Amino acid sequence: MIDIGILVFENIEELDFVAPFEVLSYVNKIKPNSTNVWLISSGSQTIRGYNGLRFSVDYTIDNCPYLDVLVIPGGQGRKSAMKNIKVLNFIKSRYNELKYLSSVCTGSLIIGSTGLLKDKLATTYHTAFDELSQMQVIVQKSKVVQDGKIITGAGVSSGIDVGLYLLSNLFDETIAQQVADRIEYIWNKD
């Protein structure tokens, strides 16, 4: 069983976390009991997304179990998350145990705020390229970028691509393609 956490926060862009949640959970319909996918917050049990979606979390940073993968979404709330020492320390403290640290959209700026992206290749939402490069990150204009065990995704809908990319690394490309086919998504692996 692969344990995956998605860090959520107030004013998160909903598709940034729902898309990877769906993809990373859907694999269980093809290969039962493959993944646990949990929502994790810095403290609040109920979160309100930027577009108004309210949802509950499974764990807080304080009681979060071991994780193999941590996904950091973006959105307007990332501006506060980037300054939240508790959030940044959580990401840094979990980094060594993770198989993969991943982001969607401007979630890469949260990872960048930890210093873990310094001198690494990464991507983000196209309007945030300059902000990410100011963090001494080598910005690439691509849907998904991997540098070591950090995988970053571009704009909002790229959360689907990030999820599929993670599945191809965690399992294999065949499993990832099966998920893409079942959710009726045309996955461009390149």
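The values are calculated or read from the model by the stated rules, or taken from the named source; none is laboratory data. The structure displayed is predicted, hence computed values, not measured ones. When we count neighbours, we look across all protein chains shown, and the Cβ atoms used for this are built from the backbone with ideal geometry, even at glycine.
Going by the conditions given, is Ser108 within 13 Å of the chain's Cα centre (by Cα), buried (at least 18 other Cβ atoms within 10 Å of the Cβ) and not hydrophobic (A, V, I, L, M, F, W, C)?
The answer is yes for Ser108.
Go through the stretch 117-130 and count every residue that is farther than 19 Å from Ser157 by Cα and either touching a His at 6+ places or on another chain (Cβ under 7 Å) or surrounded by 17 or more Cβ atoms within 10 Å (Cβ to Cβ) (or both).
Here is the first cut: in the stretch 117-130, the ones farther than 19 Å from Ser157 by Cα are 117-121, 130.
Narrowing the set further to residues that are either touching a His at 6+ places or on another chain (Cβ under 7 Å) or surrounded by 17 or more Cβ atoms within 10 Å (Cβ to Cβ) (or both) leaves 117, 120.
So the count comes out to 2.
In this structure, does Val145 turn out to be more than 20 Å from Val8 (Cα to Cα), touching a residue at least 12 places away in the same chain (Cβ under 8 Å) and surrounded by 20 or more Cβ atoms within 10 Å (Cβ to Cβ)?
yes
Tally the residues that are surrounded by fewer than 24 Cβ atoms within 10 Å (Cβ to Cβ) and either touching a Phe, Trp or Tyr at 6+ places or on another chain (Cβ under 8 Å) or under 16 Å from Val87 (Cα atoms) (or both), restricting the search to the stretch 10-36.
Qualifying residue count, the stretch 10-36: 5.
Residues that are within 15 Å of the chain's Cα centre (by Cα) and of a type outside the set (Ser, Thr, Tyr): find the strands (runs of 3 or more DSSP E) completely inside the stretch 1-104 holding 2 or more of those.
Details: elements: 2-7, 35-41, 46-48, 54-56, 69-72, 100-103.
Here the list reads 2-7, 35-41, 69-72.
Answer with yes or no whether Val87 is buried (at least 21 other Cβ atoms within 10 Å of the Cβ), more than 27 Å from Asp172 (Cα to Cα) and β-branched (Val, Ile, Thr). Quick ask: steps written out before the conclusion?
Details: buried (at least 21 other Cβ atoms within 10 Å of the Cβ): yes; more than 27 Å from Asp172 (Cα to Cα): yes; β-branched (Val, Ile, Thr): yes.
Here the answer is yes, as Val87 does meet what is asked.
For Arg48, state whether it is basic (Lys, Arg), touching a strand residue (DSSP E or B) at 6+ places or on another chain (Cβ under 7 Å) and farther than 27 Å from Ser142 by Cα. Full working, then the answer.
Values: basic (Lys, Arg): yes; touching a strand residue (DSSP E or B) at 6+ places or on another chain (Cβ under 7 Å): yes; farther than 27 Å from Ser142 by Cα: yes.
Yes, satisfied.
Test each condition in (1) of a type outside the set (D, E, K, R); (2) buried (at least 21 other Cβ atoms within 10 Å of the Cβ); (3) over 17 Å from Glu10 (Cβ atoms) for Leu98 and report the one that comes out false.
The one condition Leu98 does not meet is (2).
Tell me, yes or no, whether the stretch 30-45 has at least one residue that is of a type in the set (Lys, Arg) and closer than 25 Å to Trp187 by Cα.
Step one: of the stretch 30-45, the residues of a type in the set (Lys, Arg) are 31.
The next check asks that each one be closer than 25 Å to Trp187 by Cα; those that pass are 31.
Yes; the residues of the stretch 30-45 include at least one that is of a type in the set (Lys, Arg) and closer than 25 Å to Trp187 by Cα.
What about Leu109, is it closer than 17 Å to Ala154 by Cα and in contact (Cβ under 8 Å) with a residue 40 or more places away in the chain? Spell out how you get there, then give the answer.
On the way: closer than 17 Å to Ala154 by Cα: yes; in contact (Cβ under 8 Å) with a residue 40 or more places away in the chain: no.
In short, no.
Going by the structure shown, is Pro65 surrounded by fewer than 22 Cβ atoms within 10 Å (Cβ to Cβ), modelled with pLDDT of 95 or more and either small (Gly, Ala, Ser) or closer than 20 Å to Asn89 by Cβ (or both)?
Working: surrounded by fewer than 22 Cβ atoms within 10 Å (Cβ to Cβ): yes; modelled with pLDDT of 95 or more: yes; either small (Gly, Ala, Ser) or closer than 20 Å to Asn89 by Cβ (or both): yes.
In short, yes.
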